[in-house]
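To start, the structure itself, in structure tokens.
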Amino acid sequence: MLIFLGTSIAALGLFVVLAQKYGEQGWFGWFGNLPLDINIQKENFRLYFPLGSSIVLSIILSIVIGLINKIFR
């Protein structure tokens, strides 16, 4: 299980590095600019609260963990 987990993390890291190099904004250029992401910029203040991105990430991780749980049971 540890070998599978380590290989998965390494593959995910390689995928993210390659995705950043693809194109001008990469494959994940849309991530962080979703409708529910709050971005407030003023003169001496900047707030970024990625609510929409957090929801999407939570849904994706729930699906992945559910699939992994189903495979190993």
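Worth a mention:
- Any chance Leu67 is surrounded by 10 or more Cβ atoms within 10 Å (Cβ to Cβ) and closer than 16 Å to Leu5 by Cβ: yes
- If you go through region 13-36 and keep only what is modelled with pLDDT of 85 or more and closer than 16 Å to Ile60 by Cβ, you end up with just Leu36.
- Residues of region 32-73 that turn out to be among the charged types (D, E, K, R) and either touching a residue at least 60 places away in the same chain (Cβ under 8 Å) or assigned to a loop (DSSP other than H, G, I, E, B) (or both), as a count: 3
The values are calculated or read from the model by the stated rules, or taken from the named source; none is laboratory data. None of these values were measured; they are calculated from a predicted model. Note that we place each Cβ from the backbone using ideal geometry, even for glycine, and neighbour counts take in every protein chain shown.
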